[in-house]
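What follows is a short report on a single structure.
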Amino acid sequence: MSTNANTTLATMEASEPQVGTPSSIPENSYLAPVPRVSIQAFCLNEQTARTLEAAGEDRRMAKAHTKVHLGGIKAAIEHFSQAPTPNLIVIEVAAQSGDVLAQLDMLAEYCDAGTRVIVIGDLNDVKLYRDLVQAGVSDYLVTPVDIYQLIGSVSNLYADPTAEPLGRAVAFFGVKGGCGSSTVAHNTGWSISRQFQHDVVVADLDLPFGTAGLDFNQDPIQGIHEAISAPDRLDQTLLDRILAKCSEHLSLLAAPATLDKTYDHGEAAFEILLDVMRASTPSIVLDVPHVWNGWTRNVLTTADEVVIVAEPDLANLRNAKNVVDVLSQLRPNDNAPRLVINRVNVPKRPEIKPDEFAAALGLELAAEIPFEPQLFGTAANNGQMISEINGKHAISETFSDLANTVLGKAVPTKSKKSALSSLMAKLGK
């Protein structure tokens with residue numbers, strides 16, 4: 001470990017970031033994003049109101065317009081007697097009072113055609129639920145409700161029930177340039193396709209300098225630039241035409257990797273592409289470059305899973321802390337990022353131990369990859385994956401385990417807490 005790190009450990013108080021996932025969110029769960037609908041909620045107590053406000057700020061509700069009021073169904077009746085109703089009304093009622101159906105009938109007099117209603121109540125009763133559904137209520141939730149229940153209820157109302165299950169997008173992001181995030185992403189994508197025998201698309205989002213084409217030994221004429229250049233024409237047919245087939249289950253959306261043009265993407269540049277890929281591909285690996293702007297933040301926010309890759313030194317730890325802190329704000333209701341420590345045990349380099357690195361961030365260590373320049377160099381020069389070079393190597397097994405982890409098939413062992421977490425106090429300043 002470096003002298004700088006040791007000095008800081010000795011002089012600063014422990015400060016461990018609070019990074020976690022609400023217990024109400026099941027592992028490997030998926031909720032379809034809510035479309036651009038207007039939602040107004042009328043609550044009886046402040047706890048329910050706060051939960052609704054938090055749900056409205058979730059990334060899956062980003063396109064919806066949500067307003068939360070207090071006053072329950074009486075306030076809703078008074079409000080909508082003088083104003084048009086939104087797409088969805090959420091009403092909290094005192095179900096045990098017994099006059100819920102009569103009050104809902106009064107509210108229905110002011111509801112426009114197509115308005116849907118979700119009722120939140122304090123009575124867990126099957127008969128009440130059936131009566132509410134028969135009266136036209138879309139869903140009934142029993143208090144106390146959590147964010148996941150609310151988002152799931154709204155999502156189920158507006159998701160297409162005939163649509164195929166959407167794919168799972170996993171974004172790989174290196175916290176420092178050159179830390180090997182692309183290599184980790186490509187090998188993990190290859191392992192997913194080989195292990196689970198379902199379709200995987202690796203999308204190289206580093207348009208000027210992407211290396212996915214080299215790593216998979218592909219040189220397609222078209223790729224991701226064509227996909228995002230004409231979002232109004234992008235559909236499954238066009239996507240299939242520009243994908244490069246690497247194996248039976250693995251396809252590549254390659255970057256042009258040329259500098260004959262500039263690539264100034266808007267914040268929503270990749271949204272339509274992700275929607276199209278999710279509609280047809282079970283697993284999507286997003287190789288996100290080490291830059292920070294509107295579109296990279298948007299991609300990391302909307303991905304179903306985020307994997308951050310770092311090397312075990314102080315600069316990587318500082319950057320990783322910043323990334324984790326931002327993601328915890330952008331994704332408060334999602335799983336914490338997965339952490340991969342790459343290039344461990346470089347000769348003569350002072351390093352932070354991987355388990356201490358992870359504990360200082362409050363994360364679990366998903367994978368630890370040793371420094372093997374001969375193995376990785378040979379794979380890169382041959383345009384092959386590590387498992388193709390040596391399928392029995394321990395690193396090949398590491399990528400196999402990581403593939404299981406990012407798809408929710410395995411839970412990594414929790415790392416122990418370390419005194420290194422005191423370093424975060426200084427980094428935070």
Legend entry - Every pair of residues 6+ apart whose Cβ atoms lie under 6 Å, when the first sits in segment 123-152 and is more than 23 Å from Asn335 (Cβ to Cβ) while the second is among the polar types (S, T, N, Q) and in a loop (DSSP other than H, G, I, E, B): Val142/Asn124
Inset, instruction - Confirm whether Gly180 is surrounded by 15 or more Cβ atoms within 10 Å (Cβ to Cβ), farther than 28 Å from Ala32 by Cβ and not polar (S, T, N, Q). - result: yes
Inset, instruction - Search segment 358-393 for residues being out of contact with any strand residue (DSSP E or B) (no Cβ under 8 Å at 6 or more places or on another chain) and among the aliphatic types (A, V, I, L, M), and hand back the single one that is nearest to Asn345 (Cα to Cα). - result: Leu375
Legend entry - From the options Leu317, Leu327, Leu375, Leu361, residue that is buried (at least 16 other Cβ atoms within 10 Å of the Cβ), of a type outside the set (D, E, K, R) and closer than 21 Å to Val285 by Cα: Leu327
Inset, instruction - Please indicate, with yes or no, whether at least one residue in segment 76-97 is surrounded by fewer than 18 Cβ atoms within 10 Å (Cβ to Cβ), modelled with pLDDT under 75 and not hydrophobic (A, V, I, L, M, F, W, C). - result: yes
Inset, instruction - List the number of the failed condition for Ala366; all other conditions in (1) surrounded by fewer than 21 Cβ atoms within 10 Å (Cβ to Cβ); (2) touching a residue at least 12 places away in the same chain (Cβ under 8 Å) hold. - result: (1)
Inset, instruction - Might you check whether a residue that is in contact with an Asp or Glu (Cβ under 7 Å, 6 or more places away or on another chain), in the same structural domain as Met385 (by TED's automatic domain parsing), at pLDDT below 95 and surrounded by 16 or more Cβ atoms within 10 Å (Cβ to Cβ) occurs anywhere in segment 265-278? - result: yes
Inset, instruction - Please tell me if Leu239 is part of a helix (DSSP H, G or I), modelled with pLDDT under 95, out of contact with any Phe, Trp or Tyr (no Cβ under 7 Å at 6 or more places or on another chain) and aliphatic (A, V, I, L, M). - result: yes
Inset, instruction - List every residue pair whose Cβ atoms sit under 6 Å apart, with the two residues 6 or more apart in sequence or on different chains, where the first one lies in segment 311-334 and is more than 15 Å from Leu300 (Cα to Cα) and hydrophobic (A, V, I, L, M, F, W, C) and the second, anywhere, is part of a helix (DSSP H, G or I) and at pLDDT below 95. - result: Leu314/Ala5
Legend entry - From the options Glu248, Glu226, Glu267, residue that is among the charged types (D, E, K, R) and assigned to a helix (DSSP H, G or I): Glu226
Legend entry - Single residue of segment 251-264 satisfying the filter (in contact with a strand residue (DSSP E or B) (Cβ under 9 Å, 6 or more places away or on another chain) and not in a strand (DSSP E or B)) that is surrounded by the fewest Cβ atoms within 10 Å (Cβ to Cβ): Ala257
Inset, instruction - Identify, by number, the condition in (1) buried (at least 23 other Cβ atoms within 10 Å of the Cβ); (2) touching a residue at least 60 places away in the same chain (Cβ under 8 Å) that Ser155 doesn't meet. - result: (1)
Inset, instruction - Determine which member of the set Asp204, Asp235 is without any contact (Cβ under 8 Å) to a residue 60 or more places away in the chain and of a type outside the set (A, V, I, L, M). - result: Asp235
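The values are calculated or read from the model by the stated rules, or taken from the named source; none is laboratory data. If you're wondering where the values come from, they're calculated on a predicted model, not measured in any experiment. Neighbour counts run over all protein chains shown; Cβ positions are idealised from the backbone, glycine included.
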